[in-house]
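The numbers here are math on the coordinates, done by the rules we state, and not lab data. What you see is a predicted model; the values in this text were computed from it and never measured. Cβ atoms come from the backbone with ideal geometry, glycine included; neighbour counts cover every protein chain shown.
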Ligand code: CMC
C-alpha cells in the first residue's frame with residue numbers, strides 16, 4: 001500500500017543534507033568544506049584535513065596543535081585488545097580482523113558510547129581517528145606472525161602508521177620520507193567522499209542510535225566489497241592476472257562482453273562521469289613514488305597501456321568509464337611494499353574521519369529520524385496456512 005519513489009541503488013535520491021563534501025561528477029570536482037581536493041593533497045596534511053572535515057574550517061596554529069595533541073593521547077589501545085586479536089586465525093584477511101576489533105571497541109571504551117552526550121561523541125571521534133592506524137597495523141602484524149609495534153607519537157600520523165606496519169623489534173626503523181608523503185596523500189585522497197555505500201551505511205546504522213564504534217564497524221564491512229573499497233585490491237589482482245601488455249585486448253573484450261561478469265577494476269564511478277579528480281593526484285603520486293624509489297614495475301606498464309586503450313575504446317568512452325582513484329592507489333601501495341590484503345584496510349583507516357564526520361553531522365541535525373526505506377512488495381498476499389501434513 002502507499003506510493004513510494006522506486007530508486008534501487010539510490011541513483012536519484014538524496015538521503016540527507018550535508019555540508020561536508022561537494023562533488024560535481026560531470027565536471028570532475030571534489031571539495032571538502034569548499035576546498036578542492038588537489039589543493040588539500042598538495043598543501044595540507046591528513047590530520048589537518050581531519051580537522052577540516054570534523055570541524056568545518058581549517059584550524060589556526062593553536063587549534064591544530066591542540067587537535068594534534070588530543071589525537072596523540074589516544075593512539076594506544078587497551079592492552080586487553082591484544083587477547084582479542086589472538087582469537088582470530090593467523091591467516092585471517094586483515095579486513096576480517098579489523099571489522100571485528102573495531103566493533104569490539106564498544107566493549108572497551110564505555111565513556112564514549114552515550115550518543116546523547118556531546119563529550120562522549122567528541123572522545124569517540126578522537127579515539128577512532130587515533131586508534132585506526134594502530135588497529136590496522138596490528139591486523140597486518142597478526143596476519144604475518146610478527147609482534148605488534150606500539151605507536152610512536154614522535155612521528156607524523158603517516159610515519160607512525162608505516163612504522164607500526166613495518167618495524168620489527170630487532171632492527172632500527174627509519175621512516176622513508178617518500179613513503180611517508182605518499183601515505184599521507186593516500187590518506188587525504190580517501191578521507192571522505194560524501195554519501196558512498198559505506199558512509200550511507202554508517203549514517204543508517206547511526207540513525208537508530210547505535211554507538212559510534214558499532215557504526216564504524218558497519219562502515220568497514222560495507223567498504224570491503226570489490227565494487228567499493230575492495231576495488232584497489234581487486235584491481236591489483238586483475239593487473240597481475242593480465243600480466244603482460246599483449247594480453248590486455250583479451251581482458252578489454254571480456255569487460256565489454258555482457259555475458260561475462262568480468263569488469264575492469266578501478267574503472268568507472270557512480271558519480272564521476274568526466275574524470276575522478278582523486279585519480280589525477282594519485283596518478284602523479286604513483287609516478288613520483290616509482291621514480292623516487294627507482295622501481296621499474298611491469299604492472300605499471302600494463303596499467304598505463306590498459307588506461308590508454310580503455311580511454312580510446314568507444315565502449316568505455318560512451319559509458320563514461322574513467323580510471324578511478326583505486327586504479328592507481330593499488331600500484332602505489334604495492335611500490336611501497338604494502339601487501340594487497342592491506343589495501344582496503346588503509347582505505348578504511350583513511351575513511352574513518354569521513355564516516356565519523358557524517359555520523360556527527362547527522363546526530364547534530366534537528367529532527368533527525370531513523371533511516372527506514374520502504375519497498376515495493378512483489379510476493380504473494382493473503383495465503384491460507386495449512387499444517388505441514390496437509391501440504392502435498
Ligand atoms: N568495466 C566494464 N564495464 C563497466 C564497468 C567496468 N569497470 N563499470 C561499469 N560498467 C558498465 C556496466 O556494465 C553498465 O553497462 P550497461 O549500461 O550496458 O549495463 C554501465 O557501465 C553502468 O554501470 P553500472 O554498474 O550501472 O554503474 P554504477 O554506477 O552502478 O557502478 C561502479 C559504479 C564503480 C560500481 C562500477 O563502475 C564498477 O563496478 N567499477 C569497478 C569497481 C571499482 O573500480 N570500484 C571503485 C569505485 S571508486 C572507489 C570507491 O568509491 O569505493
Quiz prompt | As computed over the stretch 78-143, the Cα convex hull volume per residue (Å³) | solution = 72 Å³
Exercise. Just report the Cα centroid separation between the stretch 362-392 and the stretch 274-308, whole Å.
Key: 48 Å
Quiz item: Once both labels are modelled 7 Å past Cα along the beta-carbon direction, what's the residue 168-residue 297 spacing in nm?
Solution: 2.3 nm
Quiz item: Rounded to the nearest 500, what is the chain's calculated 222 nm mean residue ellipticity when only DSSP H runs of at least 4 contribute -39500 (n - 2.57) each, over all residues?
Solution: -17000 deg cm²/dmol
Quiz item: What ranking, highest mean first, results for peptides 371-377, 313-319 when packing means the other Cβ atoms within 10 Å averaged over each residue?
Solution: 313-319, 371-377
Exercise. Order by neighbour count: 242, 188, fewest other Cβ atoms within 10 Å first, most last.
Key: 242, 188
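Given R₀ = 35 Å, FRET efficiency for residue 13-residue 78 by Cβ-Cβ distance, to 0.05?
Working: r = 40 Å, r/R0 = 1.15.
Efficiency, rounded to the nearest 0.05: 0.30.
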Quiz item: So for 141, 131, 27, fewest C-beta neighbours within 10 Å to most, what's the order?
Solution: 27, 141, 131
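If you take all C-alpha pairs in the stretch 173-294, what percent of them are over 22 Å apart? Mind showing how you got there, number by number?
Details: 3827 of 7381 pairs.
Summing the P(r) of the stretch 173-294 above 22 Å gives 52 percent of all pairs.
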Quiz item: Gain in length, residue 308 to residue 86, computed as 0.36 nm per residue apart minus the alpha-carbon separation, to one decimal in nm?
Solution: 75.3 nm
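Using Cβ contacts closer than 10 Å as the measure, can you line up 235, 170 from fewest to most? Don't skip to the answer; put the middle values down first.
On the way: 235 27, 170 6.
Fewest to most other Cβ atoms nearby, the residues stand as 170, 235.
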Quiz item: Which length gain, in nm to one decimal place, applies between residue 6 and residue 108 when the Cα-Cα distance is subtracted from 0.36 nm times their residue separation?
Solution: 32.6 nm
Quiz item: Which percent of Cα-Cα pairs in the stretch 289-391 sits in each 10 Å bin, short to long?
Solution: 10, 21, 19, 19, 15, 11, 4, 1
Practice problem: Kindly give Rg over Rh for the chain, based on alpha-carbon atoms, with the Kirkwood expression for the hydrodynamic radius. | Solution: 0.99
Practice problem: Report, in whole Å, the centroid distance computed from the Cα atoms of the stretch 142-161 and the stretch 14-61. | Solution: 27 Å
Exercise. Could you work out the per residue convex hull volume over the alpha carbons of the stretch 38-197, in cubic angstrom?
Key: 138 Å³
